[in-house]
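Report on the structure given below.
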Amino acid sequence: MKGDDTMLKTKSTGFSSVGDRIFDACNYVFMIFLIFVTLYPFINMFALSFNDANDSIRGDIYFWPREWTLRNYAYVFNESNVFYATFISAARTIVGTIVSVFCTAMLAYAISRPEYKLKTFISITFIFTMYFSGGLIPNYLLIKELSMLNSFWVYIIPGIIGVFNMIVVRSFIEGLPEGIMESAKMDGAGDLTTFIRIVLPLTMPALATVALFVAVYQWNSWFDVFLYNSSRHDLSTLQYELVKILSTSDTGSSAADQYADAQGGADIVTPTSVRATMTIVASVPIIMVYPFLQKYFVKGMIVGGVKG
Amino acid sequence: MGKHTVQLKGSASEDSRLSAYFKALGKQKMLMLMSLPFLAWVIVFKYIPLWGWTIAFQKYRLGRDIFDQAWVGWDNFKYLFKEQQFYLVLRNTLVMSSINLVMGFVTAIVLALLLNELRRIAFKRTVQTISYLPHFISWVVAANIVQTALAPEGIINVLLLQLNLIDKPVLWLGVGEYFWGILGVTEIWKNVGFNTIIYLAAITTIDPTQYEAARIDGASRLQQMWHITLPGIKPVIVILLIMNLGHILESGFEPQYLLGNGMNVEYSENLDIFVLKYGIQMNNYGLATAAGMFKTVVSFIFLIVANNLAKRLGESRLY
């Protein structure tokens, strides 16, 4: 603590040489450049998505829409695939996150108990899987054998526990004062009660980290849709719809074209504006959420990075 | 709930350690209930696929029972190591992951050092928050952004034309030789901010009196950065480097798959795409599994070697 104070003082009042000032100036210029490079693509997509599609063809849309319109959004959401895919994306994100966070926390609690006889065995069994995985083909065949192809649950069940997440939560629980759990035991609370009433609320910072990681993973996933559910259009997700647009965009009749052509909409929207609009739809939930969880995931990364 | 753990004390004295162990375990029914379902889960979803490696030694046919497949010994591996395409994808994998590893490390460390020098805390926080954004965005969105930026009328071509660096728009994703560079820059754009987290945390553990002493000796900010901050985070750098060496065959899958096309396939196709192509699209499960198995086993060897290397260097071990 004392050291921190000293550093702050020297940093704010210390005299700076010419060289240091030049360095500072360059540093600030660089940071502003970094901000620009990071944000520009999103600003540009935003501008294109709210600009009239026919007007966008004229080009020169960079930071702000020239002719405002909501037609791109109205069009994309009227397209039944996208509307339904957004619903599936939201459903898998919500269900997947709740299930995964609860299960990860429960397992982490059990193997954090020093008296638990299977603690080491279970920990090692899980950590081993970080280094060895069956790979694509055996996983695919397993899902097939389990009759989980073409189902919603294939999005949830294979990913219930993430080993990295489990390590983050376990480390956090192990850092809680042991006295709290001891006194709960004294009061006759069993492990389940201790877990739900005491550990769960105290572990919220770590769980927020895990929830963010899982939610982002779920929202961004498309490969499992492609691999397991590509024949079920009603189980498609927003990201997968975007993949379809992307992967055919350099051929003549792209999925984006088809989106645009369907219902004679070619004169209202263009592939460029459909892409921009869907990019914004797919990004906005993340942009809205992650800044608020920043202090949690930063902590989680540090714990996981050190112990993992 | 408490009934399961608070149990009557057994009066009979057992000699064997094993039965004492099981007796103790017997008192932990609730803990077992809370963890054993997940043990079952990990066995089904992580260990059974490991057993699926046997497919690499079979001529696997769909529709036939798993126990009724023809065994072919090392044939799949022999075929794999004779296949030209395999060496091409191996080269692509190694080059792309090396670029990611080196560039990822250097840029993240430099950015962390520079962020650390920002004196206005509010500005620093803003830069950090913004720099994390691309990490959370899906690869699909990122690939979309890259494709848009690199399109003939995209921002990159517009800028280069304005600066007279090129005379006509370049089809960036249509030239195979450019792919590695494009991928490297995209990876940096996406992850550099997020990767600074661990270094910034490490920097805060450096003893501030070192900076004071250096200041009294007249060290400039750059000198302090070079002689104090960088050595201060060296252990973290070494550990992360080792962790990442174990992933040298993990060059990623999504960016290559999403940005790859017929024109750059000789540079964009990596091991993961190779497995997908042979396995899922061409139904050659045996060969694809052999390639996947090769990848995991080699990765593990890398990790062991790196770990021993670190031990010899006197840094803390990983596992």
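No value in this document is a laboratory result; all are computed from the given coordinates. Nothing here was measured: the structure is a model prediction, and the numbers come from that model. Here the Cβ positions follow ideal geometry from the backbone for every residue, glycine too, while neighbour counts run over all protein chains shown.
Brief remarks on what is shown
- Residue-wise HN-Hα coupling along region A:283-293, computed from phi with Karplus coefficients 6.51, -1.76, 1.60 (Hz; x: Gly, Pro): 9, 4, x, 5, 4, 6, 9, 4, x, 6, 9
- Comparing Cα centroids, region B:184-199 and region B:98-153 end up 5 angstrom apart.
- Semi-axis lengths, Å, region B:149-286, gyration tensor of Cα atoms, sqrt of 5 times eigenvalues: 41, 26, 10
- Counted residue by residue at 0.36 nm each, then reduced by the alpha carbon distance between them, the extension gain from A:VAL37 to A:ILE22 reaches 3.1 nm.
- Net charge contributed by nearby residues that have their C-beta within less than 12 Å of A:ILE122 (K/R +1, D/E -1): +4
- Cα-centred dipole magnitude for the protein assembly as shown, charges only on beta-carbon of K, R (+1) and D, E (-1), debye, nearest 20: 1940 debye
- Of B:LYS124/B:LYS311; A:LYS117/A:LYS185; A:LYS295/B:LYS46, those spanning more than 25 Å from alpha-carbon to alpha-carbon: B:LYS124/B:LYS311; A:LYS295/B:LYS46
- On the basis of the beta-carbon distance and an R0 of 22 Å, B:GLU153 and A:TRP68 show a calculated FRET efficiency of 0.50.
- Distance between modelled label sites at B:PHE81 and B:VAL305, nm, 7 Å Cα→Cβ extension: 1.6 nm
- For A:ARG66, nonlocal amide neighbours, meaning residues 5 or more places apart or on other chains whose placed amide H falls under 5 Å from its own, are A:ASP52.
- Shape of chain A, Cα gyration tensor, a/c cut at 1.5: oblate
- Stokes-Einstein translational diffusion, the protein assembly as shown - Kirkwood Rh over all Cα pairs, 1.567 mPa s, 4 °C, in µm²/s: 47 µm²/s
- For the pair A:GLU174 and B:TYR178, label points projected 7 Å from Cα toward Cβ lie 4.9 nm apart.
- Rounded tilt (10° steps) of A:163-174 against the dominant C-alpha axis of chain A: 40 degrees
- Region A:146-167-region A:169-196 distance, computed between alpha-carbon centres (Å): 28 Å
- Neighbour-count order for A:LEU34, B:LEU276, A:LEU149, B:LEU309, fewest beta carbons within 10 angstrom listed first: B:LEU309, A:LEU149, A:LEU34, B:LEU276
- Residues whose amide H falls under 5 Å from that of B:GLN58, counting only those 5 or more places apart or on a different chain, are B:VAL72, with hydrogens built in the peptide plane.
- Per-residue 3J(HN,Hα) values for region A:110-125, derived from phi via the Karplus relation 6.51 cos²θ - 1.76 cosθ + 1.60 with θ = phi - 60°, read 4, 7, 8, 6, x, 7, 5, 5, 9, 3, 5, 4, 5, 4, 5, 4 Hz in sequence order (x marks Gly and Pro).
- Share of pairwise Cα-Cα distances greater than 23 Å in chain B is 72 percent (whole percent).
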